[in-house]
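Some notes on the structure that comes next.
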Amino acid sequence: MLTNIPSSALRELVKLSERKEALMAQIQQIDRRMLKLQRRSREISAPARKARVTFSSAPTTTRRGQGAKRRGR
């Protein structure tokens, strides 16, 4: 299939292949940078989440007196 290709054409194919690989690597770097910027912009634009406020109440008095009367009857 590729037996009758002149050496000059093969050299050109090698050069083009190397250039293509270099460009693909650059594209990957650009994609990574774009994703990084997108993540940062999401973090900045996300509303600040505040800590949830909880209230602990004082322990309630037990109604043992009333419960004991009911159980005792």
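Listing for the model above:
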| quantity | calculated |
| --- | --- |
| Residue-count net charge about E12 - beta-carbon cut-off 12 Å; Lys, Arg +1, Asp, Glu -1 | +2 |
| Rounded if a/c under 1.5, otherwise prolate or oblate - the range 1-45, Cα gyration tensor axes | prolate |
| Stretch gain in nm, segment Q29-S56, where the contour uses 0.36 nm per residue and the Cα spacing is subtracted | 4.6 nm |
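Coordinate-derived values only; no laboratory data. All of these numbers come straight from a predicted model, not from anything done at the bench. Please note: Cβ atoms are built from the backbone with ideal geometry, for glycine as well, and neighbour counts cover all protein chains shown.
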